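The values are calculated or read from the model by the stated rules, or taken from the named source; none is laboratory data. A quick note: this is a predicted structure, and the numbers were derived from the prediction, not measured. A quick note on method: Cβ atoms are made from the backbone with ideal geometry, for glycine too, and the neighbour counts reach across all protein chains shown. Quick note on the areas: whole protein, heavy atoms, side chains included, nothing else; ligands and nucleic acids left out. Shrake-Rupley method; radii C 1.70, N 1.55, O 1.52, S 1.80 Å.
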Amino acid sequence: MAIWGLVIETTVGIGERKHGEAYVLTHVDGTREEALVQLEQRARRHTPEHPRSPKRRRLFRESDGFLLVIDGAWQSFSTRFTVAELLDDSAAPASPPAHAAQPETEPEEEAAVEPDPADAVPPPSSTPPVERDADGVPIRPNWWGRTDLP
């Protein structure tokens, strides 16, 4: 099955600072039609920040999603909802190649595993505890008393 991204492109800001930004709302595992159904539900429920006093709301269907146009008192704001197939993700967890089979080991052949030093419990700190107020904020900042600062 393909992974589909539900993408929203919306108008943010007002006046001269008004611009568009894009966000991935979620990913959908399944068919394109299933992703479009979820996208339509989100488009119908979407309430953008601007305009604050909407006068008219129109939702259009496009080939890859939906276009929401909301007319305000002085300006119109648009939000585009798009379904797009995920082809690559640099933040996806690495998976082992499908052809690389894991070697099977029999129970009597298992070697003794040495503990990983990273899993060891660190020794107790020799620094005194930091005095904090009721909110947990240090009373004396950690940079106070440093000689390497101007």
>> Could you order the peptides 88-94, 41-47 from most to least packed, using the average number of other C-beta atoms within 10 Å per residue?
In response: 41-47, 88-94
> Arranged from highest to lowest average of other beta-carbon atoms within 10 Å per residue, in what order do the peptides 75-84, 13-22 appear?
Replying inline: 75-84, 13-22
>> Could you compute the net charge surrounding Ala35? Neighbours are other residues with a C-beta less than 13 Å from the C-beta of Ala35; K and R count +1, D and E count -1.
In response: -4
> Want the number for Arg32 to Val12: 0.36 nm per residue separation, take away the alpha-carbon distance, what's left?
Replying inline: 4.4 nm
>> Counting only protein heavy atoms and a 1.4 Å probe, tell me what percentage of the range 1-57's accessible area is made up of carbon and sulfur.
In response: 49
